[in-house]
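The values are calculated or read from the model by the stated rules, or taken from the named source; none is laboratory data. Bear in mind the structure is a predicted one, so any value in this text is a computation, not a measurement. When we count neighbours, we look across all protein chains shown, and the Cβ atoms used for this are built from the backbone with ideal geometry, even at glycine.
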Amino acid sequence: VKMTHAARRDGAHTIAITNDTASPLANEADRVLDIHAGPERSVAATKTFVTSAVAGLALYADWAGDDDLRAALLYLPAQLKLAAEIDWPELRESIGQRPSLFTTGRGPAWAISGEAALKFKETCQLHAESYSSAEILHGPISIVDAGFPVLSLAAGDAAEPGLVDVADRIAEMGAQVFVTSEMCRKARRIDYVRTGHPLTDPLALIVSFYSMVERLALDRGVDPDIPRHLRKVTETV
């Protein structure tokens, strides 16, 4: 809120993307984009993550005059409904009670990889680290052993071939690597939904991930809606 106030004071035009149009942030901004997510009851936010990203993409599509992105956003609700029906049981089985795993992505899908790693920690009490597929072979790969789980999130974009190549190389080291692509040779393909645009593909991937991670948390005896040590609102000091 203070950053928004400072930006507006110095002449910036500020836009708040929020689920609460009466919030202090909304009151401070010049304009408000209501994400209409409804009540977010779980401590580990999911609806607000996806709808905030959609709002940002809609804003970008308008600024850039990107008609392809506008069209993809128009049909995105139907695609996300399909994505929510995917829950990756083979990945859940591979993770089981293991204490650690990697997620990978590249480009916009790397942001989704980071969200996935965070949700593994929050909902499953599972140590997960997210890496760009351009970086994972430079050090982190040293801890991979036989059966080590890796989730590689590939969108239908220019980064897909390179990400899948890295996924295949990690699979050759003995890891259990799961990738959302048809291009894999050694890694295991898992189901996914393509949305018609590389910027909306990652949102379908994270929705499928949410379906999977809820079931994984329950399999591990954890309530995914009430993570230990976490509260819905935290105070930054």
Taking region 151-177 and keeping residues crowded, with 24+ Cβ neighbours inside 10 Å and not aliphatic (A, V, I, L, M) leaves Ser152
Pairs returned, first residue in region 173-189 that is charged (D, E, K, R), second residue that is outside any loop (DSSP other than H, G, I, E, B), beta-carbon separation under 6 angstrom, 6 or more apart or interchain, are Arg185/Asp168; Lys186/Asp168; Lys186/Ala171; Lys186/Glu172; Arg188/Phe178
Apart from one, (1) over 22 Å from Asp201 (Cβ atoms); (2) in a loop (DSSP other than H, G, I, E, B) all hold for Glu122; the odd one out is (2)
Could you say whether any residue in region 167-179 is closer than 30 Å to Leu59 by Cβ, more than 14 Å from the chain's Cα centre (by Cα) and in the same structural domain as Arg98 (by TED's automatic domain parsing)? no
Taking region 103-140 and the residues there that are farther than 27 Å from Asp225 by Cβ, surrounded by fewer than 21 Cβ atoms within 10 Å (Cβ to Cβ) and in contact with a Phe, Trp or Tyr (Cβ under 8 Å, 6 or more places away or on another chain), the one that is modelled with the lowest pLDDT would be Pro140
